[in-house]
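Taking it in order: structure first as structure tokens, then the write-up.
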Amino acid sequence: MLMIKDLFTNLAIVVSLLFLYSHIFSASPLKKDSTFMRKVLLGVVGGLFSNILMQYSIRIDTTIVDLRHIPIILLAFFGGTLPAVIGMVLVIIGRLVIGVNASAYASVILMVLITIFSTFISKQRMSKKNKAILMLTFSNIIFTFVIIYLLSDVSLLVKLVPLYWIISYLAGFLSFYILDFIRKSQFLLEKYKSESTTDGLTGLNNVRKFDEVFNSLIKELNKSIQSLSLLYIDIDFFKKINDTYGHSEGDLVLKRLGTLLTEATRSFDVVSRNGGEEFTVLLPDTSVVRAKDIAEHIRKTVESTEFSLSGGGVIKVTVSVGVASYIDTTENPGMLIEDADKALYAAKKTGRNKVCCHNAIN
């Protein structure tokens, strides 16, 4: 009964440590392509986890039995050789600190063999499930040989070995499941976060992100930035493009325009698709004169670009642009959107394919 209790205690500790690890390192979990320093750090973390497991082991004379191999297998599986070797070295040091004897030397051999085999299997082309099964089975086999060498009590071995195999498999598969589940959940969370602020068609910021950035920039006025300009951009006769060529071709035009806007603006400008054929560009620390220059550059770039269609043809597209700028055209920064929209309306009303500035309609 004591063996069962101690091994289940080890199992509970493994699960707890994995949840702790997943919470702390959720933003950058261990992967084969992780940076050198990330692998070193998580190798150390895995080694410390194994040492914690050794503190709650089954003690039989000078022999201690636990699940210290699980973190090492996980390091090899997810991170490859470097983190697994670092974890192994820390496990060996921790075991020798507990005591230097035949059991300790056997433990060193056990961990070295498990690490070598696990890193070898991690590089093979096979399913994750098969890799996990092979790693855990090999570690159990090696443990069996080592424990038979160390213990002469056959009745104890008959009880311990099957129990250890069961708990080891349970801990291993549960660990792989937990990490896989948490990683998938984190991936979906990040995906949903991205989709909530990104336009799915163009990859630009969507209107929600635009509002967030716009409000943030307004708060920064007179602190870190002194001025703010806004371009409101609309594709001329876009409905006619959809009606003539179809919505799928219209989507290609929108995507291409999104690329052109990104290329025609500065790295710190904020380009968004606010809906339909309407786009915006937020220009921090930009006067109305500079904003008009950028708007005109965008207009000319779009006018001179051939928009390719999926069928092989090309069409020409133009845009109208409304410009508003705090403080040059708009005293209340909260009115920038409305004033830029008014300027855009004026550009469309007076001929399209032109740039109009609020309070200076041309």
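The values are calculated or read from the model by the stated rules, or taken from the named source; none is laboratory data. From a predicted model like this one, the values you see are computed outputs, not experimental measurements. Quick reminder, even Gly has a Cβ in these numbers, built from the backbone with ideal geometry, and neighbours come from all protein chains shown. Remember, those area values only see protein heavy atoms, side chains included, never the ligands or the DNA or RNA. Shrake-Rupley method; radii C 1.70, N 1.55, O 1.52, S 1.80 Å.
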| Nearest-10 value in Å² for the accessible area of Lys219, using the 1.4 Å probe | 140 Å²
| request: Among Phe8, Leu228, Val146, pick out the residue whose Cα is farthest towards the positive end of the charge dipole of the chain, where Lys and Arg carry +1 and Asp and Glu carry -1 on C-beta, about the Cα centre. | output: Val146
| message | As I understand it, the value is the acute angle between the Cα axis of helix 128-150 and the longest principal axis of the Cα atoms of the chain; what does it come to in degrees, rounded to 10? | response | 20 degrees
| task | Could you look at region 45-111 and say what percent of its accessible area is carbon and sulfur, using a 1.4 Å probe and all protein chains? | result | 72 percent
| field | Calculated [θ] (222 nm, deg cm²/dmol) that DSSP helices of n ≥ 4 give over the chain, each run adding -39,500 (n - 2.57) | value | -21500 deg cm²/dmol
| message | If the elastic network links every pair of Cα atoms under 10 Å, which of Val154, Val108, Val207 fluctuates the most in the Gaussian network model of the chain? | response | Val154
| query | Using alpha carbons only, how many degrees (0 to 90, rounded to 10) separate the axis of helix 247-264 from the longest principal axis of the chain? | reply | 90 degrees
| query | Among Asp243, Asp269, Asp234, which one moves the most in a GNM of the chain with springs linking Cα atoms closer than 10 Å? | reply | Asp243
| remark: The rounded separation in angstrom of the Cα centers of region 6-74 and region 241-274 is 49 Å
| Where nothing but the Cβ of Lys and Arg (+1) and of Asp and Glu (-1) is charged, how large is the charge dipole of the chain around its Cα centre, in debye to the nearest 20? | 1060 debye
| task | With label points built 7 Å along Cα→Cβ from the Cα atoms of Val154 and Ser267, find their separation and express it in nm. | result | 7.4 nm
| Nearest 20 debye, what's the magnitude of the dipole of region 94-167 about its Cα centre given +1 on Lys and Arg Cβ and -1 on Asp and Glu Cβ? | 480 debye
| task | Please report the relative contact order for the chain, taking Cα pairs under 8 Å with a sequence separation of at least 6, and give it as a percent rounded to a whole number. | result | 12 percent
| remark: In the chain, taking the dipole from +1 charges on Lys and Arg beta carbons and -1 charges on Asp and Glu beta carbons about the Cα centre, the listed residue (Thr265, Val289, Met135) farthest towards the positive end is Met135
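So in region 248-362, what percent of DSSP beta bridges are antiparallel if you round to the nearest 5?
75 percent
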| What FRET efficiency, computed as 1/(1 + (r/R0)^6) with R0 = 22 Å and r the Cβ-Cβ distance, is obtained for Phe25 and Val89, rounded to the nearest 0.05? | 0.60
| note | Computed D for region 113-216, Stokes-Einstein, Kirkwood radius over alpha-carbon pairs, 20 °C, 1.002 mPa s, to the nearest µm² per second, is 121 µm²/s
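If you take every residue apart from Phe143 with its C-beta less than 11 Å away from the C-beta of Phe143, what net charge results, scoring Lys and Arg +1 and Asp and Glu -1?
Charge balance in the 11 Å sphere: 0.
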| remark: Here the FRET efficiency for Ile178 versus Asn222, based on Cβ atoms and R0 = 56 Å and rounded to 0.05, is 0.65
| Dipole-positive endmost among Gly87, Ala346, Phe36 within the chain (Cβ charges, Cα centre) | Gly87
| Which of the following values of Cα Rg over 2.2 N^0.38 Å was calculated from the structure shown: (i) 1.53; (ii) 1.04; (iii) 1.42? | (i)
| note | If the chain between Phe8 and Arg352 were fully extended at 0.36 nm per residue, the gain over the current Cα-Cα distance would be 116.4 nm
| remark: One finds, for Thr301 and Tyr192 with R0 = 35 angstrom and r their Cβ-Cβ distance, a FRET efficiency to the nearest 0.05 of 0.55
| query | Relative to the longest principal Cα axis of the chain, at what angle does helix 288-304 sit, 0 to 90 degrees, rounded to 10? | reply | 90 degrees
| query | Pick from Lys193, Lys184, Lys159: which is most flexible by mean-square fluctuation in a GNM of the chain where alpha carbon atoms under 10 Å apart are linked? | reply | Lys159
| query | With labels modelled as points extended 7 Å from the Cα through the Cβ direction, what inter-label distance (nm, one decimal) is found for Glu338 paired with Leu48? | reply | 5.6 nm
| For the chain, accessible area per residue (1.4 Å probe, heavy atoms of protein chains only), Å² | 50 Å²
| Of Lys193/Lys349; Lys32/Lys193; Lys191/Lys300; Lys32/Lys219; Lys209/Lys348; Lys39/Lys219, which ones are farther than 32 Å apart at the Cα? | Lys193/Lys349; Lys191/Lys300; Lys32/Lys219; Lys39/Lys219
| request: Report, ordered by chain and residue number, the aspartates and glutamates lying within cross-link reach of Lys31, taken as a straight Cα distance under 19 Å and ignoring same-chain residues fewer than 8 apart. | output: Asp180, Glu190
| said: Report the per residue volume, in Å³, of the convex hull enclosing the C-alpha atoms of region 200-310. | reply: 93 Å³
| said: Restricting to Cα pairs below 8 Å that are 6+ residues apart, what does the relative contact order work out to for region 27-104? Please round to a whole percent. | reply: 38 percent
